[in-house]
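For reference, the structure discussed in these notes is given below.
The values are calculated or read from the model by the stated rules, or taken from the named source; none is laboratory data. The structure presented is a predicted model; accordingly, all values stated were derived computationally and were not measured. A quick note on method: Cβ atoms are made from the backbone with ideal geometry, for glycine too, and the neighbour counts reach across all protein chains shown.
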Amino acid sequence: MLPSAEIGVFGGTAFYAFLDDVEEVAVQTPYGPPSASVAVGVVGGRRVAFLPRHGAGHGIPAHRVNYRANLWALRRLGVRRLLAPCSVGSLQPHVRPGDLVVCDQLVDRTSGRADTFFDGPLPAHVSFADPYCSELGRAAVDAAKAEGVAVHDGGTVVVIQGPRFSTRAESRWFSSAGWEVVNMTQYPEAVLARELGICYSGLALVTDYDAGVERAEAVTMEAVFRVLAENIERVKGVLVRAIPAISAERACGCADGAMDPGSFPA
């Protein structure tokens, strides 16, 4: 019998472990295996499931992540609220490396990714005007402030295909549109969560200035990992503080139009 959890956490780049005293479980899904086994434990009295989206040692690049399997696995365990830390590049001078952006909008620039559970035969369309759960976002912002982390309450993330970084021309285009950060994983993760009726919040840790920001250097993985190493414990601190503060009852509309729970296989 599978363990249960009400809150989920996805680990991003350099974030491969979160909980102590956990039960590791391999969850089977109709979409193949998720990126890793799921670690189920307790944070502040709440049952939490943790899954590193890139695998236990970052063996899966963003464009190869099995997003449908990852979301389905957490939903099978009972997850209804999902916090999703990720690394991002800044597109605006005032959004600095080390800052946290709690996203409220996204722009999809990916291609070829499996991005829906509604493959037929009947059409279904979920509302995605507001991709992120405002209730979860508020808990994350409040936790970041309490932890002394510089946090931006809202921001748009443009999601690129990867694995390459943006050209300077692309980055200037994104910046001129007024978008705050750029990332490779928030789509289709956010929309798949919505289709499953899971509240979703993207917690974006800024690791660098993107190439199109004035006077920015070209992005390198070495620089990204250096900033991540300096800040990943702060992100974990935000999560540990936010999780107990998440309301047990949902007042949002994130489950509207979601898949019928009866359609989930045992």
- Note on the structure: Subset of segment 8-22, residues of a type in the set (Val, Ile, Thr) and either more than 15 Å from the chain's Cα centre (by Cα) or modelled with pLDDT of 85 or more (or both), comes to VAL9, VAL22
- Item | Any chance VAL40 is more than 24 Å from LEU228 (Cβ to Cβ) and modelled with pLDDT of 95 or more | yes
- VAL88 being out of contact with any Lys or Arg (no Cβ under 8 Å at 6 or more places or on another chain), touching a residue at least 24 places away in the same chain (Cβ under 8 Å) and either within 25 Å of ALA245 (Cβ to Cβ) or outside any loop (DSSP other than H, G, I, E, B) (or both): yes
- Message: Checking the structure you have, find out if any residue of segment 63-83 is among the aliphatic types (A, V, I, L, M), surrounded by fewer than 24 Cβ atoms within 10 Å (Cβ to Cβ) and in a helix (DSSP H, G or I).
- Response: yes
- Task: Could you grab me the full set of residues in segment 45-62 that are in a loop (DSSP other than H, G, I, E, B) and either touching a Ser or Thr at 6+ places or on another chain (Cβ under 6 Å) or without any contact (Cβ under 8 Å) to a residue 12 or more places away in the chain (or both)?
- Result: ARG53, GLY55, GLY59, ILE60
- Looking only at segment 158-168, which residues are under 19 Å from the mean Cα position of the chain (by Cα), at negative phi and assigned to a loop (DSSP other than H, G, I, E, B)? GLN161, PRO163, PHE165
- Query: Can you find even one residue in segment 153-173 that is aromatic (Phe, Trp, Tyr), closer than 21 Å to VAL191 by Cα and modelled with pLDDT of 95 or more?
  - Reply: no
- Query: Is it the case that VAL42 is over 15 Å from the mean Cα position of the chain (by Cα), among the β-branched types (Val, Ile, Thr) and outside any loop (DSSP other than H, G, I, E, B)?
  - Reply: yes
- Item | Qualifying residues in segment 185-215 (those that are assigned to a strand (DSSP E or B) and not hydroxyl-bearing (Ser, Thr, Tyr)) - the one nearest to ARG113 (Cα to Cα) | GLY202
- Message: I'm checking my understanding of the structure. Among residues of segment 126-157 that are among the hydrophobic types (A, V, I, L, M, F, W, C) and not in a helix (DSSP H, G or I), which one is surrounded by the fewest Cβ atoms within 10 Å (Cβ to Cβ)?
- Response: ALA129
- Among what's in segment 89-125 and is loosely packed, with under 15 Cβ neighbours inside 10 Å and of a type in the set (A, V, I, L, M), pick the residue that is modelled with the lowest pLDDT. LEU122
- State whether one or more residues within segment 95-110 are free of Cβ contacts under 8 Å to residues at least 24 places away in the same chain and under 18 Å from GLU189 (Cβ atoms). no
- Query: For the subset of segment 94-114 comprising residues that are touching a strand residue (DSSP E or B) at 6+ places or on another chain (Cβ under 8 Å) and part of a loop (DSSP other than H, G, I, E, B), which member is nearest to CYS252 (Cα to Cα)?
  - Reply: ASP104
